[in-house]
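Heads up: the structure comes next, in structure tokens.
Just so you know, all these numbers are worked out from the coordinates, no wet-lab data involved. In this text the structure is predicted, and so the values were computed from the model without any measurement. Note that each Cβ is placed from the backbone with ideal geometry, even for glycine, and that neighbours are counted across all protein chains shown.
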Amino acid sequence: MTRLPPMRWTRLYSVGHPTMDAQHQKLFVLVNELIQMQDTDSISQQQAIRETLPKLALYAEKHFHAEEMLMAKAKAEHLDNHRQKHAALLNQVTELQYKVGKGEFPPFQEVLLFLRYWLAEHILVTDKRYAPAMAKLLIENELTNGTQASVEALELW
């Protein structure tokens, strides 16, 4: 099977919110930990899955919670649908963890393809839908919190 390249973070993946972008980049790092194991033996690959999946699931769960909180604060559309997608993704990872816990390992390449697709598709399709609401939230925060001195200076004009 063809060797998969590591996932590379580019501006294409940015949702326009620094915290969410940083968390997405951390997810890239976790997925890339597994991708780097492609050239190792199956025992090492299985061990990598055993070690990385729980970290990935835990981080994804925390990220999803933070993302949903920001979306609610930004009054982003599609929040309920977004929550459902998060729950479905976590269920898939939990199911995979359960199988791995029983010693049932899917082919390593399948795990990599699933995780790469899951991460890329979720950011580029699902998360991009909230980008305008996040931009508006950042602007509102900047106007109300970060530029009080600038507003006062403008009042002098």
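For this structure, a couple of remarks:
- Helix 79-101 axis, angle to the chain major axis (alpha carbon atoms, nearest 10°): 20 degrees
- Answer label, with percent of Cα pairs over 25 Å apart calculated from the coordinates and candidates (i) 43; (ii) 40; (iii) 21: (ii)
- Crossing angle, helix 108-121 versus the chain [Cα axis fit, 0-90 degrees, rounded to tens]: 10 degrees
- Acute angle (nearest 10 degrees) that the helix 131-141 long axis makes with the longest principal axis of the chain, alpha-carbon atoms: 40 degrees
- Order of Met134, Met7 - criterion: other Cβ atoms within 10 Å of each residue's Cβ, fewest first: Met7, Met134
- For the chain, the longest site-free run once trypsin sites (Lys or Arg not before Pro) in DSSP loop states with at most 14 other Cβ atoms within 10 Å are removed: 9-74
- Of interest is the spacing of the C-alpha centroids, which for region 6-51 and region 58-94 amounts to 19 Å.
- Ordering Ser42, Ser14 by the number of other Cβ atoms within 10 Å of each residue's own Cβ, fewest first, gives Ser42, Ser14.
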